[in-house]
Structure formats: structure tokens, C-alpha cells
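The values are calculated or read from the model by the stated rules, or taken from the named source; none is laboratory data. Please read these numbers as outputs of a predicted model, since none were measured by experiment. Here the Cβ positions follow ideal geometry from the backbone for every residue, glycine too, while neighbour counts run over all protein chains shown.
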């Protein structure tokens, strides 16, 4: 494996990381996995506090899970809608409008998650 430019700065440690990465699945985006490990180690040596490390760790775990869950739908077009759960009281008019928009997205070949509670 050719080492990427982004490294720890310690040649022996970089060689160990490269061996570890190659032992998992040689050739499968080795340089990216290498850099992810380097980033984690650099955060620790940069003096990131425990809270920051926990946030980064949790974010990476959640992204891994999301990639696995949505992998079967990789080819499907998707739409994400973000908003606050604290909205004005729903009326019959707003419910109809939401259903209408979902229908038009489906007709266009887009998929969206099922509506949440209260929809």
C-alpha cells in the first residue's frame, strides 16, 4: 500500500496502521481507511477532550449504521425533509397539502420515509 500524504508524522506508527489496514481487506479504499484511523489518532494526540472524542466516535458509528441500513436503496432517488417537531397544530388543510406533496414525489419516482407519529 502506498501511504497517503495525510499521516501521523511517526513513520513506525504509519507502517503499523498500513499493515493493519491491509490485513482487513486489501485494496478496498485502503488510503481512506488509513486516513480515518490517522484522524482518530491525531484527535487523541491533539488533546481532544473526552466529550469531543465521544461525539466523533458516535457520529462515525451512526454513519456506519446508516450506510448499512440504506445500502439496499442506493440506486433509488431519495428526498430528505428536515424540520422541527414543534409545529403549529395541524389542520385538515395542512394534512391534505402534505399528502398531495408526497403523492407528487412518488409519481416522480422519489422515495421518502413514512410519515411519523401524528401524520
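Within the set of pairs 6 or more residues apart or between chains, which connect a residue that is at negative phi inside the range 51-69 to a residue that is outside any helix (DSSP H, G or I) and loosely packed, with under 10 Cβ neighbours inside 10 Å with Cβ atoms less than 8 Å apart?
Pairs found: none.
Which members of the range 46-71 meet the condition of being more than 20 Å from residue 33 (Cβ to Cβ), assigned to a helix (DSSP H, G or I) and at pLDDT 95 or above?
50, 51, 52, 54, 55
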